[in-house]
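The values are calculated or read from the model by the stated rules, or taken from the named source; none is laboratory data. Note that the structure is predicted; figures quoted are calculated from it, not measured. Cβ: placed from backbone, ideal geometry, glycine included. Neighbour counts: every protein chain shown. Surface accessibility is based on the protein's heavy atoms, side chains included, excluding ligands, DNA and RNA. Shrake-Rupley method; radii C 1.70, N 1.55, O 1.52, S 1.80 Å.
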Amino acid sequence: MTMKLVHIWLLLLVVLLCGKKHLGDRLEKKSFEKAPCPGCSHLTLKVEFSSTVVEYEYIVAFNGYFTAKARNSFISSALKSSAIDNWRIIPRNNPSSDYPSDFEVIQIKEKQKAGLLTLEDHPNIKRVTPQRKVFRSLKYTECANVRVAVFDTGLSEKHPHFKNVKERTNWTNERTLDDGLGHGTFVAGVIASMRECQGFAPDAELHIFRVFTNNQVSYTSWFLDAFNYAILKKIDVLNLSIGGPDFMDHPFVDKVWELTANNVIMVSAIGNDGPLYGTLNNPADQMDVIGVGGIDFEDNIARFSSRGMTTWELPGGYGRVKPDIVTYGAGVRGSGVKGGCRALSGTSVASPVVAGAVTLLVSTVQRRELVNPASMKQALIAAARRLPGVNMFEQGHGKLDLLRAYQILSSYKPQASLSPSYIDLTECPYMWPYCSQPIYYGGMPTIVNVTILNGMGVTGRIVDKPEWQPYLPQNGDSIEVAFSYSSVLWPWSGYLAISISVTKQAASWEGVAQGHVTVTVASPAEVDSNSGAEQTSTVKLPIKVKIIPAPPRSKRVLWDQYHNLRYPPGYFPRDNLRMKNDPLDWNGDHIHTNFRDMYQHLRSMGYFVEVLGSPFTCFDASQYGTLLMVDSEEEYFPEEVAKLRRDVGNGLSLIVFSDWYNTSVMRKVKFYDENTRQWWMPDTGGANIPALNELLSVWNMGFSDGLYEGDFTLANHDMYYASGCSIAKFPEDGIVITQTFKDQGLEVLKQEAAVVENVPILGLYQIPTEGGGRIVLYGDSNCLDDSHRQKDCFWLLDALLQFTSYGVTPPSLSHSGARQRPPSGARSVAPERMEGNHLHRYSKVLEARLGGPEPRALPACPHLSWAKPQPLNETAPSNLWKHQKLLSIDLDKVVLPSFRPNRPQVRPLSPGESGAWDIPGGIMPGRYNQEVGQTIPVFAFLGAMVVLAFFVVQINKAKSRPKRRKPRVKRPQLVQQVHPPKAPSV
Amino acid sequence: MVNLAAMVWRRLLRKRWVLALVFGLSLVYFLTSTFKQEERAVRDRNLLQVHDHDQPIPWKVQFNLGNSSRPSNQCRNSIQGKHLITDELGYVCERKDLLVNGCCNVNVPGTKQYCCDGCLSNGCCSAYEYCVSCCLQPNKQLLLERFLNRAAVAFQNLFMAVEDHFELCLAKCRTSSQSVQHENTYRDPIAKYCYGESPPELFPA
């Protein structure tokens, strides 16, 4: 269906492009050819007209606008005089028929000549002309010579859908160029198919790079060589419908930069890991790449489309907005392996839709040197149509609009632009999460990470410094602004992070403050320019924030981000060991990624949540009621431990949601990673319990190395404990809740089932000293985490915050039947750090030394130097978002069947299609799939044996006994739904 | 009729030799299919080796010495650089010193020809632009020819498409499958751009 739409778009585009002047005004029989378009030697468009007179029908033009009734009376009075009865007015049913008109179409069957003459004599009738039927035919060929590379699973040689496959190359270890999966064919078809399901640009020069085997194996090194070839071949547009979470794969990331620096427009799929946040895939999350998300045909963000901010910048910074744009990705039709069409879903499908559109756009541009990865992205972004009710971390700039992108690009001047192009922290829901929490004095600065796109050149720089210009009439002086930005904008892009804070004067003020930031970008002169001077471009970034008086300490919760580590680069295992298909903790562990639901819940309960991206030594504990530490993998500086002890003594409360840490289990969950061809051993457990225990030891608390799992009920709430630890020791005067669980450690290690009673999982403790804080420990973080969560425990978090913030011990916990005497720690063993772990490689705290890793020197706390304000006596409109309304085309809305979400893999991501395979994605796609490949004959053989044995038994039975029916056991439907089928993908 | 067929079928199935036949056939199928797969893999590998030794690869690289053969005063250059850029004459300059015709401005003191700054003895450099410039030295031609004759099959695609010394250096200096260990880390994160024959030294982890 999209293809149909696309086709319509194509026609419209071409009409606009070349036929504008010639459409519609001449009615003579005429045929002309408009070719070539100025400057574009390859575009030919044929517009042909022919018209015929329609018998008996005439257009009666009046000399003014009259209602239908009046027109009718004029005509009938005129015709009455010449006694013509056999006439009628041909009804025109269109939206304007309710309004007065200056003409009427009539049909006269007899005495035409006389009738016409009498008609023309009527005072209100201007003239009468014969009605004509107009045929217009459009034939187009768009510019060829745009080189498009498809990096995928290959394409068979004589596929009927393609007419311009320039070259096919193979970069895998399989000796074939053909597509054994269908993914590559489909993607190529969306871009360039010429029949059945049409692609965007059938004339484009296709370069097929086969970088995936039929087993969906691929390696970074294959990509490196293939990318080098793409650079040599001067590819214009490159589609990469793959991705993975490893943005720390430097050789790959560097190579993608190199590629775009060589003027290759890279379009990539954002990933199929939605609706979870923090799931963006690389390379689509790079600033120089066009990252594409998926929507369905009703303009809803497709469930599978990856979303949330980029996580490169954590913990100190804040993520960039991605995807860049979204387009159809569910139920899109494209070419089948051997011809024919099929419908697929996934961002794999959305990416070639954009790549095809980009190809078409490149072909229309007259000055090809203006097209570069930045200008193309600028055009797409500026043209995109925003979807209502969806935030920018899901839709980026909105839905692809090819026509508008064409218009923008056709009048493009090299310039810099910003993404997002304004900062309105009050605008909901588009600016979520910024709009979900106003800012106040003393809070952690709010950071907006803006991407600068520089269409002027591959390198650029920011001239001087960005300037902050507050609007005095709009309280712009109530906020302070600090910048950090790329020293060099390369390739084609850079970041400009803006930290916003409230000034002391506005500490108890409430209102909205506005201003703008101006930033000037300079690039070396273009090669073809005459002046030789630097090119510059100045961009204005409007800012609008909502300020409230600082909330009371008890309402303020601080989220510890600094001590959360994730993949990449290290192997930090998933907190729920049952999730074997997704063994890595890779979503950032941020309140705006995979702890988003928890954040939303806390906001709805009236808490203000801030993020600490620096060591504990860098925050003012007197401001906050509770420090929330969830699933911490990092170590602690000795200074941090000392500071936290003081803070808790002075009234800061601490809530720790820990996780499992068991060295035997950690050794057990090691695996061979086919992507990096080495064994991966986890560097911590779900959380770093040895480090946490050191932090907690002063209060005589600690977690154990136990590993428990099970369902239970606490205070009338159903709970699930997914791979958590237990509390090993807790002060005598604390409250401890215990439950009965399965020993998951034993299950993982020895495949034995054992039930353990009275496992202490929750402890609440009030520091006895005057003004002391409170401490809460809980052994499992999975119930707060959006990824793989089965039952949430937000109610528990509420109860615990009641305790930490207000000292109210929830009766449901203190009087619970599950309350037991606190463990003294004598019985259980506190876990030791696993010997030979490589945590120091990824840690911000540890460094390798002779004799084992040791803490580094405490880093300085981040210091923001506030930009000197240059106040303006201006006011800005209250709505900062201005959308150029150039055209409005309502695309027909098409209802399509539902799609199936796909699962990701670690990069290189296997291409996928909805429901085609039942192969679970995982860390070791290569190995897993190879196994599957080799074991298929074995399975076939075993299957045959089983069938044989069955027959033998049946025959024997039939011989010896009379037939008997066994009642069928009914299977609960639920079981099948718990684990949805997974298919590899992007 | 149907009953009769069913009867016969059931009878037939009860015969031990029929079962044995079914079993035997599936066994044969299983064995042949697995065996065939392995055989094919082996043959492919052999093919590769044969190709390596017997057939010299028909390179079309032309080493043009001097600038007499260049048609105009336009230069191709390395396009991508963040700070530096190398033109086809082997000059390295800062981006701002690039002339309108794509050549480096040779009158600027910073511009150097055939510059090997940051290049190690193994032919690996820390900056791509210096690698290209160094590789363009006329005396590197022998080294490059030797490399071309030995180039692995994996690189055939790439180096078959290269047409001259400049393109060869541009392509050769890029990081490639030779530059990585464990796929996602550089063998040598500093000197990773190599014009020479050997891959970068393995950097101690």
Under the 7 Å Cα-to-Cβ spin-label approximation, A:Gln505 and A:Arg88 lie apart by a distance in nanometres of 7.9
If R0 is 25 Å, what FRET efficiency do you get for B:Asp164 and B:Val106 from their C-beta distance, rounded to 0.05?
0.75
Once A:His815 and A:Ser604 are pulled to full extension, the length gained, defined as 0.36 nm per residue separation minus their Cα-Cα distance, is 73.2 nm
With a 1.4 Å probe on protein heavy atoms only, tell me which residues of segment A:227-275 lose at least 50 Å² of accessible surface in the complex relative to the chain by itself.
A:Asn228, A:Leu232, A:Pro251, A:Glu258, A:Asn262
Between A:Thr279 and residues 5 or more places away or on another chain, the pairs with built amide H atoms under 5 Å apart involve A:Arg307
Per-residue HN-Hα couplings for segment A:710-720, Karplus 6.51 cos²θ - 1.76 cosθ + 1.60 at θ = phi - 60°, whole Hz, x for Gly and Pro?
x, 8, 7, 10, 10, 6, 6, 10, 6, 10, 9
Using the Karplus curve 6.51 cos²θ - 1.76 cosθ + 1.60 with θ = phi - 60°, what ³J(HN,Hα) values do you get for each residue of segment A:410-420, in whole Hz, with x for Gly and Pro?
6, 10, 6, 10, x, 7, 9, 8, 10, 9, x
Under the rule of at least 5 residues apart or a separate chain, name every residue whose amide H is placed under 5 Å from the amide H of A:Leu584.
A:Arg574
Computed label-point distance, nm, for sites A:Val829 and A:Ser51 using a 7 Å Cα→Cβ extension
9.5
Over segment A:199-353, what is the percentage of antiparallel beta bridges among all DSSP beta bridges, to the nearest 5?
30
Label segment A:483-568 by shape, choosing from rounded, prolate and oblate, from the square roots a ≥ b ≥ c of the eigenvalues of the Cα gyration tensor; if a/c is under 1.5 it is rounded, and otherwise prolate applies when a/b is larger than b/c, oblate when it is not.
oblate
Based on the Cβ-Cβ distance of A:Tyr806 and A:His863, what FRET efficiency does E = 1/(1 + (r/R0)^6) give at R0 = 41 Å, to the nearest 0.05?
0.75
Would you pull out the residues with amide H under 5 Å of A:Asn170's amide H, same chain only if 5 or more places away, H placed 1.01 Å from N?
A:Arg210
Compute the Cα gyration tensor for segment A:549-694, then decide on rounded, prolate or oblate, letting a ≥ b ≥ c be the square roots of its eigenvalues: rounded whenever a/c is under 1.5, prolate when a/b is larger than b/c in the other cases, and oblate in all that remain.
prolate
Points 7 angstrom from Cα along the Cβ direction at A:His717 and A:Thr67: gap in nanometres?
6.7
Difference of contour (0.36 nm per residue) and Cα-Cα distance, A:Ala533 to A:Arg646:
34.8 nm
Residue by residue through segment A:615-623, which ³J(HN,Hα) values in whole Hz follow from phi under the Karplus form 6.51 cos²θ - 1.76 cosθ + 1.60 (θ = phi - 60°), with glycine and proline marked x?
x, 4, 6, 9, 9, 8, 5, 5, 7
Taking the alpha-carbon centroid of each part, what is the distance from segment B:129-159 to segment A:384-431 in angstrom?
45
Ballpark to the nearest 100 Å², how much total accessible area do B and A bury together, probe 1.4 Å?
3900
I'd like the mean, over residues of B:169-176, of how many other protein chain beta carbons sit within 10 Å of each residue's own Cβ.
5
With a ≥ b ≥ c from the Cα gyration tensor eigenvalues, square-rooted, and the rule rounded for a/c under 1.5, otherwise prolate when a/b > b/c and oblate otherwise, segment A:89-201 is prolate
